[in-house]
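Below is one structure, written out as structure tokens; comments come after it.
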Amino acid sequence: MPSQNEKMKAYWRKNLQTLFILLLVWFAVSFGCGILFVDQLNEIRLGGYKLGFWFAQQGSIFAFVILIFVYVARMNRLDREFDVDEE
Amino acid sequence: MEILTWTYILVGISFALYIGIAIWSRAGSTQEFYVAGGGVSPLANGMATAADWMSAASFISMAGIISFAGYDGSVYLMGWTGGYVLLALLLAPYLRKFGKFTVPDFVGDRYYSNTAKVVAVICALFISFTYVAGQMRGVGIVFSRYLEVPIEWGVVIGMCIVFFYAVLGGMKGITYTQVAQYCVLIFAYMVPAIFISMQLTGNPIPQLGLGGEVADGTPLLDKLDGVLAELGFAAYTSGRKSITDIFMITLALMVGTAGLPHVIVRFFTVPRVKDARLSAGYALVFIAILYTTAPAIAAFGMYNAIDSTSEKNISGLPEWISTWQKTNLISVEDKNGDGKVQYVADPVANELTIDRDIMVLASPEIAQLPNWVVGLVAAGAMAAALSTAAGLLLVISTSVSRDLFKTFKPEISEKRELRIARIAAAGAVLLAGYFGVNPPGFVAQVVAFAFGLAAASFFPVIIMGIFSSRINKEGAISGMITGLVFTIGYIIYFKFISPETNNAEYWWFGVSPEGIGSIGMILNFIVCVTISKFTPAPPQAVQDMVQEIRIPRGAGKAQDH
């Protein structure tokens, strides 16, 4: 059985991996789709919206909400897996 | 009934509600005063955070700003919501596990230094004061517009209300009044939006209506682009600012949001680490409801304003225009004497001036909704201003009583500390009220910069304090000071010393003063890491503490250690 210390290191590593992936998405939907590539995406339409404009004023915000709830679910599972969750 | 009667009734009922809640939830201990006893449910805390966060500016002005800025207005939408992702993922759970009452608490303990703590207190006070003065002004303006009392009286009434529940109830009173205030403000914001969306696009959901079609079958946004282009304005869906600047402003607002002390402190009030994470999610849901509706109100408002005025006979303008002309928020001047309104980009020929606040304030009248809706919007705007002011006042009073007083006089009794906290809150209310009545000319500009300062000072040292155990006090203090001095210096230079050069040609790397907090933040990080590398590592006890806060189990209630 790995020592407590090793286990906590593994927990922290997994936590950082989760953060990295989620923050990548965070960056992509806002700074990527909403700012850097907005002109290219505006060529595509989503109903009455230009896609880039939609990301900047609607889509990125929806994505932020989803990101936090994915994070909550993922961390709750991780906490249980490593037996560091609260009551 | 008359609009004025409805306004008095609805604003009166909402105030009675807030005061009732305040009496019911008085604080009895410092723990209740600072963090509501640490027993707030994640859902209630999410709602309170949303009300705390959405200020008079979000409620009254944001949609109007977007109306005139079009795509460029996205910086506020993304900036003021994206910060919650950073808050939820990088700050809230760890600070909750740390388990004390304030941001300077954390900085002082993690960097084992009262100097670091005092620097943090100064940042917190500066950020909160600039912000709260703007809120008090907002309260005064709402009062004077809707209740037809002078602005000064509006500020005084607002002060009395906030005084009552912030001083009496502390965080506990504030939390539960903010829950009520959120309900009032979101209802008031959504009702006119839903009706206008239905009238213009036939779709009751404003978020879908914005992408919907107007009566002749063209998509609303395309129609708006076309109409604006005809009048000589830039297209609504394309930006005028440079990509670099948009990027930097958005980043500064996001990071600044995550670094604002009155927002961070809300996550100290929930019982467990997992509640802190969840609560940030709820907060963002509640905020997103308003923030995804705002761009719809913005586009609808602009479309309606042009549609009902441009090239129309001055004598035949809709009634709401003459109503709001009285308050000088709209003015029409027939320069070429043709009896019609010309709304064009060229300032010489333009005959119509619209204040941005009109897009929300006049929305019930534009949609021809009954008079009680106008009263409701007034109550909503008050709720937005009061909830934010109360949250900020609490940070100010906590900073004084706990971070300054208790740090240097640790032996004072709890009862005395609570009294000092209340006196500090009272003093802060008076000072904020004074600035509300006599606003320094720069308040409006400074509020936006509070974010830049929060980004450049707090955010990096908190993040580094959690994610690195090697960063020491030398690094943190020099990092905070570098970020702060650089950002303040840049802003003061372009806003006050040399405002005539405040344009893209002179800005460093094309970054405007609004976005400079991002550069300040990066400098803070660099200085922080470099200095730490060449100075001794933090004591073992601090390194152990960093390991400790990374693990959720054993959070317990927020308390004095």
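Read-outs: derived from the displayed coordinates by stated rules, not from any lab. Quick caveat: nothing in here was measured; it's all calculated off a predicted structure. For neighbour counting, all protein chains shown are included, and Cβ atoms are generated from backbone atoms with ideal geometry for every residue, glycine included.
Which distance in Å, rounded to a whole number, links the C-alpha centroids of segment A:45-64 and segment B:389-433?
Using only Cα atoms to place each centre, the spacing works out to 44 Å.
In whole angstrom, how far apart do the alpha carbon centroids of segment B:34-61 and segment B:445-507 sit?
26
With label points built 7 Å along Cα→Cβ from the Cα atoms of B:ASN350 and B:GLN543, find their separation and express it in nm.
6.1
For helix B:243-259, report the angle its Cα long axis makes with the longest principal axis of the Cα atoms of chain B; keep it between 0 and 90° and round to the nearest 10°.
50
Rank the residues B:LYS100, A:LYS9 as a footprinting-exposure proxy: fewest other Cβ atoms within 10 Å of their Cβ go first. Before the final figure, lay out the partial values.
On the way: B:LYS100 19, A:LYS9 13.
The fewest-first ordering by Cβ neighbours comes to A:LYS9, B:LYS100.
Using the 10 angstrom Cβ neighbour count as an exposure proxy, how do B:SER518, B:SER144 rank, fewest first?
Values: B:SER518 24, B:SER144 17.
Taking fewest neighbouring Cβ atoms as first place, the list is B:SER144, B:SER518.
Take A:VAL25 and B:ASN502, extend 7 Å from each Cα along the Cα→Cβ direction, and tell me the distance between the two endpoints in nm.
4.0
Could you sort B:31-44, A:39-52, B:453-466 so that the peptide with the highest average Cβ count within 10 Å comes first and the rest follow in order? Intermediate values should be presented prior to the final figure.
Values: B:31-44: 22.6, A:39-52: 17.0, B:453-466: 27.5.
Per-residue Cβ counts within 10 Å, averaged per peptide and sorted highest first, yield B:453-466, B:31-44, A:39-52.
Only Lys, Arg, Asp and Glu count, each charged at its Cβ (+1, +1, -1, -1), so figure out the dipole size of segment B:476-561 about its Cα centre, rounded to 20 debye. Before the final figure, lay out each step's value.
Details: 5 positive and 6 negative charges, 61 e Å.
Value, rounded to 20: 300 debye.
Using Cα centres only, tell me the gap between segment B:291-367 and segment B:247-263 in whole Å.
Cα centroid of segment B:291-367 versus Cα centroid of segment B:247-263: 33 Å apart.
Need one number for segment B:185-246: average projected area of the convex hull over its C-alpha atoms, nm². Could you put the intermediate results ahead of the total?
Numbers: hull surface 23.1 nm².
Taking the Cα atoms of segment B:185-246, their convex hull projects to 5.8 nm² on average.
Given R₀ = 30 Å, FRET efficiency for B:ARG553-B:THR115 by Cβ-Cβ distance, to 0.05? Don't skip to the end; give the middle numbers.
Values: r = 33 Å, r/R0 = 1.09.
Here the calculated transfer efficiency is 0.40.
First measure r as the distance between the Cβ atoms of B:VAL529 and A:ASN76, then evaluate 1/(1 + (r/R0)^6) with R0 = 22 Å and state the FRET efficiency to the nearest 0.05.
Working: r = 32 Å, r/R0 = 1.46.
The pair B:VAL529/A:ASN76 has a calculated efficiency of 0.10.
What do you get for the angle between helix B:473-492 and the principal long axis of chain B? Use alpha-carbon atoms, 0 to 90 degrees, nearest ten.
Roughly 20 degrees, rounded to the nearest 10.
Using Cβ counts within 10 Å as a stand-in for footprinting exposure, how do B:MET54, B:MET1, B:MET159 rank, fewest first? Walk me through the intermediate numbers first.
Details: B:MET54 26, B:MET1 10, B:MET159 21.
Starting with the residue having the fewest Cβ neighbours, the order is B:MET1, B:MET159, B:MET54.
Kindly provide the helix-only [θ] at 222 nm of the protein assembly as shown, computed as the sum of -39,500 (n - 2.57) over DSSP H runs of four or more divided by all residues, to the nearest 500 deg cm²/dmol? Could the numbers behind the result be given before it?
Working: 28 runs with 422 residues, N = 648.
After summing the helix terms and dividing by residue count, I get -21500 deg cm²/dmol.
Need one number: nm distance between label points at B:LYS312 and B:MET190, each 7 Å from Cα along Cα→Cβ, rounded to one decimal.
Taking the simple label geometry, B:LYS312 and B:MET190 are separated by 3.0 nm.
Can you tell me the order of B:216-228, B:251-263 when each peptide is scored by its average per-residue count of other Cβ atoms within 10 angstrom, highest first?
On the way: B:216-228: 17.5, B:251-263: 27.2.
The densest-packed peptide leads the list: B:251-263, B:216-228.
Subtracting the Cα-Cα distance from 0.36 nm times the residue separation, let me have the gained length for B:VAL149 to B:ILE481 in nm, one decimal. List each step's numbers first, then the result.
Numbers: separation 332, 0.36 × 332 = 119.52 nm, distance 4.39 nm.
Going from the current span to full extension adds 115.1 nm.
To the nearest 10 degrees, how steep is helix B:151-162 against the longest Cα principal axis of chain B, on a 0 to 90 scale?
The angle comes out at about 40 degrees.
Could you work out, residue by residue across B:226-238, how many beta carbons of other chains sit within 10 Å of that residue's beta carbon, and then give the average as an integer? Walk me through the intermediate numbers first.
Numbers: counts 0, 0, 0, 0, 0, 0, 0, 0, 0, 0, 1, 9, 6.
What the average comes to for B:226-238 is 1.
How do the peptides B:492-502, B:55-65 rank, highest first, by the average count of neighbouring beta carbon atoms within 10 Å per residue?
On the way: B:492-502: 12.5, B:55-65: 23.8.
Packing proxy ranking, top to bottom: B:55-65, B:492-502.
Which stretch or stretches of segment B:298-317 have amide N atoms under 13 Å from the point lying 7 Å from B:ASP338's Cα along the Cα→Cβ direction?
Hits in segment B:298-317 for B:ASP338 at 13 Å: B:310-314.
Mind putting together the pair-distance distribution for chain A? All Cα pairs, 10 Å bins, whole percent per bin, short to long.
Per 10 Å bin, starting at 0, the Cα pair percentages come out as 16, 34, 23, 16, 10, 2.
Let me understand the protein assembly as shown better: what is its radius of gyration from the alpha carbons, and its Dmax, in angstrom?
Using the Cα atoms of the protein assembly as shown, the pair Rg, Dmax is 24.6, 89 Å.
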